[in-house]
Every structure is written in C-alpha cells, then in structure tokens.
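*Asks:* Mind looking over this structure? Questions follow.
The values are calculated or read from the model by the stated rules, or taken from the named source; none is laboratory data. Predicted model only: the values in this text are computed from it and were never measured. All Cβ positions, even for glycine, are placed from backbone atoms using ideal geometry, and neighbour counts span all protein chains on display.
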Amino acid sequence: MRGLKIFAATALAGFVAFSGGAEAKDTLRLMTVFDAPTVKLWEPVLAAYNAANPDVEVKMETVAGSGAAVYPDVLRTSMASGDPPDVFFMWGGEIAGPFIKAGQVEPLDAYYEKYGWEKVVAPWTIDRITRDGHKYGVPFHARGMGLWYRVDLFEKYGLSEPKTYDDLANICSTFKKDGIYCASFGGKFGWQTMRLLDYFTETTCGPEEHDKLNMLQSSWNQPCVVAAYDRMAQWVKDGWLVPDFLNVAPNDARMPVYSGDAAMVFEGGWFEGVLKSDEQPLENYKFFLPPTGHTPVRYSAFPEQWMIPTSSKHKDQAAALINWMTIADTQKQYPEAFTASATIGVESDCAVAPRDCEWKKLLTSDSATYPPTDQAFTKELIDGFFEVQDGVVAGKITPADAAAQMQAKAEAWKAKQKS
Amino acid sequence: MSEITLGARRPVIVRRRRWRIPVTAIPYLFLAPATLWYAAFLVYPMLQSLYVSFFDWDGLSPTMTFVGLENYINIFAVDEVARLALWNNILWTIGALALPTFFGLMLALALNRRAPASTLFRTIFYSPAVLPLVAVGLIWAWMYNPHFGVVNVTLKAVGLRSWANGWLSNYEMALPATFVTFIWSHVGFPMIFYLAGLQAISKDYYEAATIDGANAFQRFRHVTMPGLAETHVIVLSLAVINGFKVFDLVYTMTYGGPGRSTQVLGTWMYFQTFQYYHAGYGSALAWVIAAIVLVIAIPYIRRMSRG
C-alpha cells in the first residue's frame with residue numbers, strides 16, 4: 001500500500017511538473033513550403049532559437065513540393081478553421097492578396113518601426129510586398145530566375161552565353177540541328193511555361209509596357225503581346241522545346257537536361273541546391289539572364305516573405321522570431337539555410353555555393369527586375385492566363401486570338417471586381 | 001426496487017415507480033450515437049454548404065453577400081468551364097458504366113471457379129482498388145511522362161514509336177488517358193460484387209439448364225444474368241455515383257489541364273472554392289453534383305431497402 005502511495009505521489013508530482021512546463025512554454029507554429037533537405041538545414045536554426053528562448057518552442061510545419069498551387073489552400077483551410085500558424089511563408093505579390101483582403105494577415109508596420117527592418121532587407125523586396133501602403137510581410141528570400149545551361153553541351157557546340165535574343169535563337173537553332181532540345185519545361189500548373197512567356201513579353205513589349213500589362217493598365221490585345229505569343233508558338237513549332245510538356249510536372253522537366261537531351265531549363269537560384277541534391281556535377285551548370293534587348297536588362301525576380309496571421313495569439317513572439325530569422329547575425333551562422341537571403345550584408349560562401357553567390361550579387365545590386373505574372377495576377381486570372389498559354393503551346397489558339405482572349409479575361413476579371 | 005423507512009412503528013414500504021424505456025424506442029437509442037455523429041459531421045456541413053451557396057463569399061472574410069440563385073444560374077448560363085466540366089463528367093460516367101463494369105464481370109466469371117490460383121488472381125485484380133487514388137494518380141502520371149514514362153518507352157522499344165504520345169499533354173488524349181487509370185484502379189470493385197453475386201446463384205439452375213441442352217452462352221444469358229440482377233443495380237449505381245464524384249485522379253494527373261480540357265465538376269468546385277476564393281459558387285457547384293448523384297442514388301437506395 002505504501003508503495004502504491006509513493007507511486008501515486010510521484011506520478012502526481014510528475015504530472016504537475018509536466019503541466020506546469022507545458023503552460024510556461026508557448027508553441028509557435030511556423031508554416032513553410034520547405035522540402036526535406038531544406039527542413040534538415042533549418043533544424044539547427046530553430047533548435048538554436050528554442051535554446052535561446054526557453055519560454056517558446058518553434059515548431060515547423062511544411063507543405064513541400066506543390067509550389068503556389070496547393071500551399072495557399074492548406075493555409076486558407078487552417079485560417080478558416082481558426083487554427084492558423086503563428087508565422088507563415090508566402091510568396092510576394094498577388095498570391096498573398098486574398099489573405100490580406102480578407103483581413104487574415106496582420107499589418108506589420110509597427111514591427112517595422114520597432115525592429116528597423118527597412119534597413120535590414122533589400123529595398124526592392126519591400127516594395128514588392130507593400131500593399132496599399134502597408135507592409136504585411138518581411139522579405140526573407142530574394143529569388144531571381146534565368147536560363148540554366150549545360151556547360152558541356154555549350155562547349156561541345158562552340159556556343160557562348162547570348163547577348164541578344166537573336167543569339168539565343170541561334171543557340172536553339174544549333175542545338176536543334178544536332179538533335180538536342182534547346183530547353184525543357186514542365187507545363188503542369190502553368191507557372192514554369194509562364195517564365196518563358198514572361199521573358200518573351202519583356203523582350204517584345206519592353207519594361208514599361210510589360211509592367212502596365214501586369215497591372216492591367218494596358219490592353220493585352222496589342223501587337224507586342226501577339227509577338228510574344230508568336231515567339232512561344234514558334235519555339236514549340238521549331239522543336240526547340242522538349243515536346244508534349246504541357247502536363248509534365250515542373251520538377252520532371254529537369255530530367256531531359258540531366259540526361260543531355262535538352263540544354264537549358266528556366267529555373268531560379270534555388271536550382272543550385274536542387275543540382276546538389278540530385279547529385280549533378282555543379283560545375284557543369286551555369287546560368288545567364290536571358291537577353292531582352294532593352295536597357296536595363298530586367299530579369300524575373302520575386303521576394304518570399306514571412307507573415308503573421310491576424311488571429312495568431314502570439315503576434316509579438318512571432319515578430320521577434322521573424323526578426324531573429326531576418327537579421328544578418330543569425331543568417332551568417334547558418335549560411336546553407338539562408339541561401340537567396342533578402343537581408344543586406346549576408347554574403348553567400350562563393351566556394352560552397354558559387355551560383356547562389358552570383359545570384360546574391362545580382363539581387364542585392366541595383367539590377368532591375370520584373371515580377372513573374374503569377375505574382376502579378378490573382379489565382380483566378382492567372383489560371384485564365386495559363387489556359388491561353390496552353391492553347392498557344394498546343395496550337396489550339398493563334399497568337400492573335402490569344403492576345404484577344406487574354407484581354408477579354410482581364411476585362412471580365414476587372415468587371416467582376418467592380419461588381 | 002423498494003426501500004424500508006426505519007424508525008417507524010410499522011415498516012412503510014415506499015414503492016418507487018420504475019422508469020421503463022418503451023421497447024419500441026430501444027432501436028432508436030442504439031441508433032442515436034450514429035445519428036448524432038452523422039448529423040454533426042455530414043448533415044450540418046451539408047446544410048451549411050447549401051446556405052453558403054446562396055451567397056457571394058470568399059470563405060475567409062466575415063462578410064457574406066446574399067445573391068439568391070445567381071450562383072446556380074451562373075453555373076448553367078455563364079460559366080463555360082462548368083459546362084465543359086459537366087460534359088466531361090457525363091463522358092466519364094458513361095465510360096465508368098461500361099468499361100470497369102464489363103471488365104469486372106468478365107474477371108468475376110473467369111475467377112468464379114475452383115482453380116489453383118484463383119484466390120491469388122482475385123487479390124491481384126482487387127489490389128489497385130485499395131490503393132489511395134492520389135498515389136495511383138502520381139504513379140500513372142509518371143508512367144505517362146512523354147520523355148521517360150514506361151508507356152512511351154515500351155512503345156518505342158517494341159517498334160511502335162509512332163504510337164508514343166504526350167498522353168496527358170494532349171487536349172484530346174488527356175481525359176481518356178486519365179480514364180484508363182480509373183479503369184485500372186476501379187475494376188476490382190465490380191469484380192468483387194459480381195463474384196459475390198455469382199456465388200449466390202444456385203448450381204441447380206445451371207444443372208437444370210445443362211440437362212435442358214443449354215450451351216454456355218445460353219446459361220450465361222438465361223441463368224447468370226438474371227441471377228445477377230440485384231448486383232447489376234448496385235454496381236451500375238455505384239459506377240454512376242463514382243463517375244460524378246471523380247476528383248482525385250484528375251487533380252493529381254492533369255490538374256484540370258491542358259488548358260481546362262480535363263476539368264470535371266469536382267475539380268472545378270475545388271478550384272472555385274479553394275483557389276479562387278469563391279466559396280459560395282463552389283458550394284453551388286457541390287450541390288449540383290450532389291443533386292445529380294442523389295437523383296441516381298435514390299433508386300439504388302430504394303432497391304437496396306427493398307432487398
């Protein structure tokens with residue numbers, strides 16, 4: 001009996017101690033789209049934060065692999081059910097729009113003042129995430145995209161990085177003659193093919209008009225847009241792209257490049273990490289910014305940001321976590337976790353990640369960028385854009401009809417907003 | 001039950017009235033937990049969804065705007081993709097009625113005998129039915145990959161290079177190619193139902209028919225088919241219901257593309273609700289699907305109840 005009493009007392013004490021501990025510690029949920037290797041790189045980062053902040057435990061939740069197609073759904077469901085994460089990952093631009101419009105995202109202007117983030121991260125990334133004069137997020141990644149190519153194939157055929165669009169066309173033509181596809185794309189979800197079309201629009205319409213198109217301030221039914229669609233149709237018709245790619249998953253588009261059947265792929269700075277995890281020889285891959293024929297040469301780039309839901313019960317702690325993840329001191333300790341950082345003064349180790357190092361220099365310089373269309377448009381409108389784009393690739397829609405259809409979709413969308 | 005009051009000269013017996021549950025109520029008591037569960041997790045959300053379908057709502061904001069029947073009218077009068085999706089559902093359902101049912105019946109007939117490996121084959125043919133459709137969709141999407149997928153690689157290897165195709169990237173082929181996956185994953189269901197139905201048919205009928213000189217086809221026509229009448233109702237009704245409910249395979253294999261060519265009502269409802277933030281319109285689409293399925297399911301349920 002005495003033994004039983006001792007056991008009961010110990011168990012009760014343990015329970016009380018455990019409950020007390022659980023009450024003292026706030027759990028901060030951090031939602032991301034990180035894949036397994038990135039999660040691994042982040043484990044020591046979060047462990048360090050947890051160790052330095054005994055009253056908080058940060059737990060990462062990830063929705064890997066789906067890109068912008070599925071992650072917002074998961075986030076929306078968690079918000080609608082009243083159980084959102086305390087800090088969440090989000091791309092820049094319109095993908096965050098519906099959450100902000102619905103009042104689900106906390107404006108962080110006060111925290112910007114408190115922590116001085118405006119002086120910490122690259123200014124262009126803050127411009128991109130500012131909406132109606134308010135800052136709803138803190139940029140942590142600055143991502144740029146370009147054409148990554150196989151160095152061995154370029155050398156084999158005596159090719160060099162193009163300086164003009166005609167140079168690029170000549171490269172594709174040379175590869176085609178030698179039975180190699182110029183580039184590989186995965187058309188499923190639409191956004192990878194969009195990168196090429198965005199580039200064509202930048203070249204045919206020029207920076208100013210391209211920006212107006214993205215803001216729906218200019219008609220899509222105009223000759224320069226027709227010319228962009230025409231280039232897309234021509235690239236398909238001339239066999240410069242790996243065929244039948246419309247429903248190929250974007251990640252699978254890398255396979256023809258790895259096998260040497262295609263020479264290029266339109267990817268971002270993150271591709272260096274992908275090459276490493278796919279065990280590809282890094283020295284065999286370089287990138288260039290596709291030449292636009294305009295000055296300055298703009299390239300596709302976007303920030304990624306941290307946001308705090310309005311309904312988070314730990315907003316101050318969430319902001320403190322964001323600050324800790326944003327400052328250069330933290331990021332310098334974990335360079336592999338903070339590649340493509342938007343933070344000023346965080347340099348990549350050029351020996352470890354040479355391509356990221358190049359991107360970092362570009363993205364924190366005064367180089368000009370344009371947003372990918374899927375960050376300029378709402379999901380509903382961009383799906384209309386993808387529908388037209390697919391039609392052009394499949395030869396179902398002529399370039400002229402595509403421009404007209406795109407303008408009709410833009411007008412219908414604007415009318416819907418007014419109503 | 002009775003109690004004795006102490007302290008009194010003579011014991012007073014207080015009779016407490018015994019509360020009895022009427023016998024007729026007992027089945028309802030047993031049903032109550034399941035009914036409550038059903039009401040909370042199915043009926044209430046359904047009614048809530050019906051309510052939402054009369055509003056313009058993004059699914060996130062606190063404000064909802066009443067629009068009456070506008071969402072329903074838009075489905076049939078304005079939204080071209082919804083009409084395409086409905087047409088795709090009709091095609092899918094016709095296919096679901098014909099092909100997996102036919103193959104299921106043929107497999108059941110072949111395996112309804114005491115052959116050494118019949119159990120093994122039953123397991124093999126039924127096993128795709130237990131796999132999650134998301135996994136099935138992803139695996140088949142890889143198999144259909146135009147560059148390294150096993151379908152095109154095999155066709156090229158056996159000299160049928162001209163047959164190799166961008167199965168899921170081709171506007172005309174994407175839906176049929178996805179449907180082939182549906183057949184593969186769903187043929188096990190009718191097979192199991194038909195096997196059960198076949199085993200319920202008395203052997204006496206076959207013996208009598210054989211004595212009367214009926215050949216194999218005549219036995220199938222006049223004994224097997226009438227004997228499977230109840231099974232046909234179940235199998236065909238489920239095929240129609242599954243045909244209209246299709247979502248997973250289309251979502252994972254084509255994402256409704258290329259363009260919108262493989263959108264079905266289920267995926268279009270998902271896109272509207274979760275991707276375009278039109279929860280009201282998405283709910284209306286859900287109710288259109290539900291109405292179609294109910295119209296088909298009611299005769300099935302009535303038949304089942306009678307059985």
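One line per residue, one yes/no per condition, for (1) among the acidic types (Asp, Glu); (2) outside the structural domain of A:GLY93 (by TED's automatic domain parsing); (3) at pLDDT below 95; (4) farther than 29 Å from A:VAL121 by Cβ:
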| site | (1), (2), (3), (4) |
| --- | --- |
| A:SER160 | no, yes, no, yes |
| A:ILE171 | no, yes, no, yes |
| A:THR193 | no, yes, no, yes |
| A:GLU202 | yes, yes, no, no |
| A:PRO207 | no, yes, no, no |
| A:LYS212 | no, yes, no, no |
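*Asks:* Could you please let me know if B:PHE247 is touching a residue at least 12 places away in the same chain (Cβ under 8 Å), among the hydrophobic types (A, V, I, L, M, F, W, C) and closer than 30 Å to A:ILE382 by Cβ?
*Replies:* Considered against the rule, which asks whether it is touching a residue at least 12 places away in the same chain (Cβ under 8 Å), among the hydrophobic types (A, V, I, L, M, F, W, C) and closer than 30 Å to A:ILE382 by Cβ, B:PHE247 comes out as yes.
*Asks:* Residues that are touching a Gly at 6+ places or on another chain (Cβ under 7 Å) and in the same structural domain as A:GLY187 (by TED's automatic domain parsing): list the helices (runs of 4 or more DSSP H) wholly contained in the stretch A:351-419 that include at least 3 such residues.
*Replies:* A:379-393
*Asks:* If I filter the stretch A:391-413 for residues that are in contact with a helix residue (DSSP H, G or I) (Cβ under 9 Å, 6 or more places away or on another chain), of a type in the set (Asp, Glu) and modelled with pLDDT of 90 or more, do I get at least one hit?
*Replies:* Yes, some residue in the stretch A:391-413 is in contact with a helix residue (DSSP H, G or I) (Cβ under 9 Å, 6 or more places away or on another chain), of a type in the set (Asp, Glu) and modelled with pLDDT of 90 or more.
*Asks:* Any chance you could count how many residues in the stretch A:381-401 are within 12 Å of another protein chain (Cβ to nearest Cβ), β-branched (Val, Ile, Thr) and more than 17 Å from the chain's Cα centre (by Cα)?
*Replies:* Number of matching residues: 4.
*Asks:* Would you tally the residues in the stretch A:249-270 being crowded, with 24+ Cβ neighbours inside 10 Å and more than 14 Å from every other protein chain (Cβ to nearest Cβ)?
*Replies:* Total satisfying the criteria: 4.
Residues are listed down the side, and each one gets a yes or a no for (1) under 27 Å from B:ARG302 (Cβ atoms); (2) more than 14 Å from chain A (Cβ to nearest Cβ); (3) under 16 Å from the mean Cα position of the chain (by Cα); (4) surrounded by fewer than 23 Cβ atoms within 10 Å (Cβ to Cβ):
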site: B:VAL158; (1), (2), (3), (4): no, yes, no, yes
site: B:ILE192; (1), (2), (3), (4): yes, yes, yes, yes
site: B:LYS245; (1), (2), (3), (4): yes, yes, yes, yes
site: B:GLY259; (1), (2), (3), (4): no, no, no, no
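*Asks:* So B:ASP204 clears everything in (1) more than 14 Å from chain A (Cβ to nearest Cβ); (2) in contact with a helix residue (DSSP H, G or I) (Cβ under 8 Å, 6 or more places away or on another chain) except one condition, right? Which one?
*Replies:* Going through the list (1) more than 14 Å from chain A (Cβ to nearest Cβ); (2) in contact with a helix residue (DSSP H, G or I) (Cβ under 8 Å, 6 or more places away or on another chain), B:ASP204 breaks only (2).
*Asks:* Moving on. Mind checking which pairs have a first residue in the stretch A:311-327 that is closer than 15 Å to A:LYS119 by Cα and a second that is surrounded by fewer than 22 Cβ atoms within 10 Å (Cβ to Cβ) and among the β-branched types (Val, Ile, Thr), Cβ under 6 Å, 6 or more apart or different chains?
*Replies:* Once the first residue is closer than 15 Å to A:LYS119 by Cα and sits in the stretch A:311-327, its partners that are surrounded by fewer than 22 Cβ atoms within 10 Å (Cβ to Cβ) and among the β-branched types (Val, Ile, Thr) give A:TRP324/A:THR330; A:THR326/A:VAL120.
*Asks:* Within the stretch B:75-90, how many residues are under 13 Å from B:GLN263 (Cβ atoms) and not in a helix (DSSP H, G or I)?
*Replies:* Of the residues in that region, 1 qualify.
*Asks:* Within the stretch A:97-119, which residues are within 14 Å of another protein chain (Cβ to nearest Cβ) and either surrounded by 18 or more Cβ atoms within 10 Å (Cβ to Cβ) or in contact (Cβ under 8 Å) with a residue 12 or more places away in the chain (or both)?
*Replies:* Result: A:GLY97, A:PRO98, A:PHE99, A:ILE100, A:ALA102, A:GLY103, A:GLN104, A:VAL105.
*Asks:* Just checking: which of the helices (runs of 4 or more DSSP H) contained wholly in the stretch A:36-155 hold 2 or more residues that are among the aromatic types (Phe, Trp, Tyr) and either modelled with pLDDT of 90 or more or touching a strand residue (DSSP E or B) at 6+ places or on another chain (Cβ under 6 Å) (or both)?
*Replies:* A:36-52, A:109-115
Yes/no per residue for (1) away from chain B (no Cβ under 14 Å); (2) aliphatic (A, V, I, L, M):
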{"position": "A:VAL121", "(1), (2)": "yes, yes"}
{"position": "A:GLY144", "(1), (2)": "yes, no"}
{"position": "A:ARG150", "(1), (2)": "yes, no"}
{"position": "A:GLY187", "(1), (2)": "no, no"}
{"position": "A:ASP198", "(1), (2)": "yes, no"}
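*Asks:* Can you go through B:TYR270, B:TYR251 and tell me which one is modelled with pLDDT of 90 or more, touching a Ser or Thr at 6+ places or on another chain (Cβ under 7 Å) and within 14 Å of chain A (Cβ to nearest Cβ)?
*Replies:* Of B:TYR270, B:TYR251, the one residue that is modelled with pLDDT of 90 or more, touching a Ser or Thr at 6+ places or on another chain (Cβ under 7 Å) and within 14 Å of chain A (Cβ to nearest Cβ) is B:TYR251.
*Asks:* Can you tell me which residue is surrounded by the fewest Cβ atoms within 10 Å (Cβ to Cβ) among those in the stretch A:166-186 that are under 25 Å from A:ILE382 (Cβ atoms) and in contact with a Pro (Cβ under 7 Å, 6 or more places away or on another chain)?
*Replies:* A:GLY186
*Asks:* For the stretch A:347-357, how many residues are crowded, with 22+ Cβ neighbours inside 10 Å and not charged (D, E, K, R)?
*Replies:* Count: 1.
*Asks:* From the list B:ALA135, B:ALA108, B:ALA98, exactly one residue is outside any loop (DSSP other than H, G, I, E, B) and either surrounded by 18 or more Cβ atoms within 10 Å (Cβ to Cβ) or in contact with a Cys (Cβ under 7 Å, 6 or more places away or on another chain) (or both). Which is it?
*Replies:* Being outside any loop (DSSP other than H, G, I, E, B) and either surrounded by 18 or more Cβ atoms within 10 Å (Cβ to Cβ) or in contact with a Cys (Cβ under 7 Å, 6 or more places away or on another chain) (or both) holds for just one of B:ALA135, B:ALA108, B:ALA98, which is B:ALA108.
*Asks:* Take B:ASN71 and tell me if it is surrounded by 14 or more Cβ atoms within 10 Å (Cβ to Cβ), in contact (Cβ under 8 Å) with a residue 60 or more places away in the chain, in a helix (DSSP H, G or I) and in contact with a strand residue (DSSP E or B) (Cβ under 9 Å, 6 or more places away or on another chain).
*Replies:* For B:ASN71, the condition - surrounded by 14 or more Cβ atoms within 10 Å (Cβ to Cβ), in contact (Cβ under 8 Å) with a residue 60 or more places away in the chain, in a helix (DSSP H, G or I) and in contact with a strand residue (DSSP E or B) (Cβ under 9 Å, 6 or more places away or on another chain) - is met.
*Asks:* Continuing with this model, one more query. (1) more than 30 Å from A:THR292 (Cβ to Cβ); (2) among the acidic types (Asp, Glu); (3) in contact (Cβ under 8 Å) with a residue 60 or more places away in the chain: which one isn't true of A:GLU94, the others all being true?
*Replies:* (1)
*Asks:* Just to be sure I understand, how many residues within the stretch B:28-66 are in contact with a strand residue (DSSP E or B) (Cβ under 7 Å, 6 or more places away or on another chain), part of a loop (DSSP other than H, G, I, E, B) and modelled with pLDDT of 95 or more?
*Replies:* 1
*Asks:* Give the stretch B:127-149 a look and list any residue that's facing chain A (nearest Cβ under 8 Å) and of a type in the set (A, V, I, L, M, F, W, C), or say none.
*Replies:* B:ALA141, B:TRP142, B:PHE148
*Asks:* Could you check, for the stretch B:292-306, whether at least one of its residues is assigned to a helix (DSSP H, G or I), of a type outside the set (Phe, Trp, Tyr), within 13 Å of another protein chain (Cβ to nearest Cβ) and surrounded by 20 or more Cβ atoms within 10 Å (Cβ to Cβ)?
*Replies:* no
*Asks:* Now a separate question. So is A:THR378 polar (S, T, N, Q), in contact (Cβ under 8 Å) with a residue 60 or more places away in the chain and within 12 Å of chain B (Cβ to nearest Cβ) or not?
*Replies:* For A:THR378, the condition - polar (S, T, N, Q), in contact (Cβ under 8 Å) with a residue 60 or more places away in the chain and within 12 Å of chain B (Cβ to nearest Cβ) - is met.
*Asks:* So in the stretch A:171-184, with the set limited to residues that are part of a loop (DSSP other than H, G, I, E, B) and more than 14 Å from chain B (Cβ to nearest Cβ), which one is nearest to B:THR267 (Cα to Cα)?
*Replies:* Once the filter is applied, the top-ranked residue is A:GLY179.
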